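J.: Right, I'll just put the structure down here and ask away after.
The values are calculated or read from the model by the stated rules, or taken from the named source; none is laboratory data. Note that the structure is predicted; figures quoted are calculated from it, not measured. Quick reminder, even Gly has a Cβ in these numbers, built from the backbone with ideal geometry, and neighbours come from all protein chains shown. Just the protein is used for accessible areas: all its heavy atoms, side chains included, with ligands, DNA and RNA removed. Shrake-Rupley method; radii C 1.70, N 1.55, O 1.52, S 1.80 Å.
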Amino acid sequence: TYGTSHKVSIYCHARYDSINRVIEDKYSNGNIEVKVLDSSHESIDILRSNPDYHPVNFVDIDNEDNLGTVKSMFTSLVIGFGETGRDAVRYLYEYGAFVSNHSSKEDDSPYTVYVDGHRPWVSRSYFRCYIIDKDANKLSGQFFANAPAVSGVHVWNTDVFTPEFYKYIDTICRELNYVVLALGNDELNITTAVRLLIHIRKHRKDLRNLKLFVRCHNHEQKKHLQHIADHYNQCNCEDERHKHIIIFGTEDELYTYDQVIENDFVDEGRQYNALYCEASGENGPKNLWESRHQILLNKKTLNALSELRRKESQDIANAYHAITKVRIMKRVIEDENGNVKPEFQRIQDCLENMRFAPKFSRHDGLIEADGDFTEQEQLLFRNLARLEHIRWNAAHEILGYQNYADGDPNKMLVEDKKDRHCCNETYKLHNCLIPWQNLDAEMNDPNNEWHPDYKLYDFVVVTTTFMMHNKR
């Protein structure tokens with residue numbers, strides 16, 4: 001009726017999973033666009049898009065020695081393991097991944113001979129996420145079966161009304177940073193948050209690194225819940241920045257024009273993808289995001305769809321993780337009064353002007369920023385690249401991927417050694433799911449036909465972070 005130029009968009013409220021994504025894949029074409037709206041997933045995107053709600057705000061950054069690494073523990077708690085709770089765990093597992101300050105400051109080189117046998121090494125900082133739900137044992141089965149490489153996530157099968165609930169809380173309350181309440185009932189969420197805050201106050205005096213995020217489904221309840229949160233926030237802290245109870249995820253937050261029609265979250269991923277290609281010097285289609293989407297979708301294979309979901313989700317995750325990386329930079333380069341330290345002026349210039357974004361290349365086997373950057377700035381860049389690799393590992397682990405060494409060889413059809421140096425979507429195996437210090441060996445493995453510079457990819461993400469920051 002309207003001709004070939006008329007485009008129709010159809011929005012469907014459903015869980016964004018492998019079942020309902022079929023709706024998007026099967027019925028979207030040039031003139032029809034079908035989009036699944038998942039309120040649980042989008043409510044966690046609210047946390048992901050707010051710089052103040054990133055886990056980086058709840059850890060201690062080393063700004064004196066091993067610059068940009070994390071010195072403290074990050075301990076989170078998710079109460080309610082329904083759809084919102086599961087998405088919260090995925091978010092916290094990825095965005096709560098940092099470089100430990102116990103990691104080596106120096107980097108390894110494929111050309112270095114280590115006389116004492118001690119190679120530099122890099123590790124993830126302390127991470128724990130606890131899940132509480134009266135049906136946790138049942139709900140967590142499939143979750144962990146689909147993500148076998150995940151570690152540091154623990155399940156407590158109990159109800160918030162039982163004595164066991166508070167016994168569990170007592171074991172972690174002194175180190176607890178980040179709580180998400182997603183019990184599926186607005187009134188129960190806020191009641192549990194208040195009781196939890198009062199209980200934790202008995203065990204610790206310093207509550208600055210503690211926030212309780214309360215999911216509110218019904219926007220008509222928002223004012224009521226916010227009134228309760230404001231009361232306890234004002235009674236427990238004088239500084240507005242340290243308020244403890246945060247209401248999030250109401251319908252008026254989720255169903256906005258920008259998020260539904262403009263699809264801001266996907267647009268951020270699209271922008272990141274374009275900037276990454278620019279930073280890496282990759283020449284290809286003008287809009288790589290769209291061309292990649294159509295090419296993989298048109299293949300109509302499960303492996304192609306898996307690759308598409310993985311790559312698009314990583315572009316979106318990286319776009320928002322740029323917020324975390326910039327916050328780490330600012331915590332390092334600024335003094336207590338917010339003034340830039342002289343030795344980090346070049347980084348400040350990069351943050352203020354996209355033209356100055358650092359470019360990286362190998363020098364004598366080591367990757368460093370080109371130009372006149374100080375030794376301290378080079379160390380910060382190195383730890384940001386390591387952070388990206390650790391985040392990438394966490395993201396793939398929570399998506400269900402493992403490295404080839406952890407895959408069960410009896411269940412694998414990967415016979416050719418060359419196949420072990422790529423991503424296998426069928427078995428969800430990836431050759432780069434290895435520690436940072438093993439990436440150069442993987443690059444130089446004789447069975448790896450491509451010999452890509454895996455570490456350089458992570459440094460290019462650092463460049464793209466500066467570009468994303470300036471775009472914003």
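J.: Any residue in the stretch 433-455 that's open to solvent by 60 Å² or more (accessible area, probe 1.4 Å): show its pairings with residues that are of a type in the set (A, V, I, L, M, F, W, C) at Cβ separation under 7 Å, as long as the two are six or more apart or on different chains.
T.: 451/443
J.: Then there is this: Can you tell me which of (1) more than 30 Å from residue 100 (Cβ to Cβ); (2) open to solvent by less than 60 Å² (accessible area, probe 1.4 Å); (3) among the basic types (Lys, Arg) is the one residue 300 doesn't meet?
T.: The failed condition is (2).
J.: Looking only at the stretch 336-365, which residues are farther than 12 Å from residue 466 by Cα and open to solvent by less than 60 Å² (accessible area, probe 1.4 Å)?
T.: Scanning the stretch 336-365 gives 338, 340, 341, 344, 360, 361, 365.
J.: Could you grab me the full set of residues in the stretch 193-222 that are open to solvent by 10 Å² or more (accessible area, probe 1.4 Å), over 18 Å from residue 129 (Cα atoms) and touching a strand residue (DSSP E or B) at 6+ places or on another chain (Cβ under 7 Å)?
T.: Step one: filter the stretch 193-222 for residues open to solvent by 10 Å² or more (accessible area, probe 1.4 Å), giving 194-195, 198-199, 201-209, 211, 217-222.
Keeping just the survivors that are over 18 Å from residue 129 (Cα atoms) gives 194-195, 198-199, 201-208, 217-222.
222, the sole residue that qualifies.
J.: Continuing with the same structure: Would you please list the contacts, defined by Cβ atoms under 8 Å and residues six or more apart or on different chains, that run from a residue in the stretch 29-52 that is closer than 18 Å to residue 89 by Cα and modelled with pLDDT of 75 or more to a residue that is assigned to a strand (DSSP E or B) and open to solvent by 30 Å² or more (accessible area, probe 1.4 Å)?
T.: 38/13; 39/13
J.: Check the stretch 250-270 and report whether any residue there is under 30 Å from residue 73 (Cβ atoms), modelled with pLDDT under 95, buried (at least 18 other Cβ atoms within 10 Å of the Cβ) and in contact with a strand residue (DSSP E or B) (Cβ under 7 Å, 6 or more places away or on another chain).
T.: No, the stretch 250-270 contains no residue that is under 30 Å from residue 73 (Cβ atoms), modelled with pLDDT under 95, buried (at least 18 other Cβ atoms within 10 Å of the Cβ) and in contact with a strand residue (DSSP E or B) (Cβ under 7 Å, 6 or more places away or on another chain).
J.: Which pairs turn up if I take residues in the stretch 272-283 that are in contact (Cβ under 8 Å) with a residue 24 or more places away in the chain and look for partners that are of a type in the set (Gly, Ala, Ser) with beta carbon separation below 8 Å, at least 6 apart in sequence or on another chain?
T.: Partner pairs satisfying both residue conditions: 272/319; 272/322; 279/357.
J.: Going by the conditions given, is residue 137 in a helix (DSSP H, G or I), under 29 Å from residue 249 (Cβ atoms), open to solvent by 80 Å² or more (accessible area, probe 1.4 Å) and not basic (Lys, Arg)? Talk me through it step by step, then tell me what you get.
T.: Numbers: in a helix (DSSP H, G or I): yes; under 29 Å from residue 249 (Cβ atoms): yes; open to solvent by 80 Å² or more (accessible area, probe 1.4 Å): yes; not basic (Lys, Arg): yes.
When the stated conditions are applied, residue 137 passes them.
J.: For the stretch 145-177, give me each residue that is outside any loop (DSSP other than H, G, I, E, B), closer than 30 Å to residue 430 by Cα and modelled with pLDDT of 95 or more.
T.: Taking the stretch 145-177 and keeping what is outside any loop (DSSP other than H, G, I, E, B), we get 145, 153-157, 163-172, 176-177.
Pick out the ones that are also closer than 30 Å to residue 430 by Cα and you get 145, 153-155.
Once the filter is applied, which keeps residues that are outside any loop (DSSP other than H, G, I, E, B), closer than 30 Å to residue 430 by Cα and modelled with pLDDT of 95 or more, the stretch 145-177 yields 153, 154, 155.
J.: Answer with yes or no whether residue 311 is closer than 23 Å to residue 271 by Cβ, basic (Lys, Arg) and open to solvent by 60 Å² or more (accessible area, probe 1.4 Å).
T.: yes
J.: Residue 232: aromatic (Phe, Trp, Tyr), surrounded by 14 or more Cβ atoms within 10 Å (Cβ to Cβ) and part of a helix (DSSP H, G or I), yes or no? Explain how you work it out, then say what you get.
T.: On the way: aromatic (Phe, Trp, Tyr): yes; surrounded by 14 or more Cβ atoms within 10 Å (Cβ to Cβ): yes; part of a helix (DSSP H, G or I): yes.
Criteria met by residue 232.
J.: Say whether the condition of being in contact (Cβ under 8 Å) with a residue 40 or more places away in the chain, surrounded by 22 or more Cβ atoms within 10 Å (Cβ to Cβ) and either in a loop (DSSP other than H, G, I, E, B) or hydroxyl-bearing (Ser, Thr, Tyr) (or both) is met by at least one residue in the stretch 82-90.
T.: Yes, there is a match, as at least one residue in the stretch 82-90 is in contact (Cβ under 8 Å) with a residue 40 or more places away in the chain, surrounded by 22 or more Cβ atoms within 10 Å (Cβ to Cβ) and either in a loop (DSSP other than H, G, I, E, B) or hydroxyl-bearing (Ser, Thr, Tyr) (or both).
J.: Name every residue in the stretch 131-163 that is in contact with a helix residue (DSSP H, G or I) (Cβ under 6 Å, 6 or more places away or on another chain), closer than 23 Å to residue 190 by Cβ and of a type in the set (A, V, I, L, M), in order of residue number.
T.: 160
J.: Let me ask something else. In the stretch 340-364, what residues are part of a strand (DSSP E or B), at pLDDT below 90 and either in contact with a helix residue (DSSP H, G or I) (Cβ under 9 Å, 6 or more places away or on another chain) or over 25 Å from residue 454 (Cα atoms) (or both)? Show your work before the answer.
T.: First, the residues of the stretch 340-364 that are part of a strand (DSSP E or B): 340, 360-363.
The next check asks that each one be at pLDDT below 90; those that pass are 363.
Matches in the stretch 340-364: none.
J.: Taking the options 304, 395, name whichever one is under 20 Å from residue 59 (Cα atoms), part of a helix (DSSP H, G or I) and touching a helix residue (DSSP H, G or I) at 6+ places or on another chain (Cβ under 9 Å). Talk me through it step by step, then tell me what you get.
T.: Working: 304 fails: under 20 Å from residue 59 (Cα atoms).
So the residue among 304, 395 that is under 20 Å from residue 59 (Cα atoms), part of a helix (DSSP H, G or I) and touching a helix residue (DSSP H, G or I) at 6+ places or on another chain (Cβ under 9 Å) is 395.
J.: May I ask you to verify whether residue 97 is within 23 Å of the chain's Cα centre (by Cα), under 21 Å from residue 392 (Cβ atoms) and either buried (at least 17 other Cβ atoms within 10 Å of the Cβ) or free of Cβ contacts under 8 Å to residues at least 60 places away in the same chain (or both)?
T.: So residue 97 passes the test.
J.: Same structure, new question: Among the numbered conditions (1) buried (at least 22 other Cβ atoms within 10 Å of the Cβ); (2) not in a loop (DSSP other than H, G, I, E, B), tell me where residue 57 comes up short.
T.: Just one mismatch for residue 57, condition (1).
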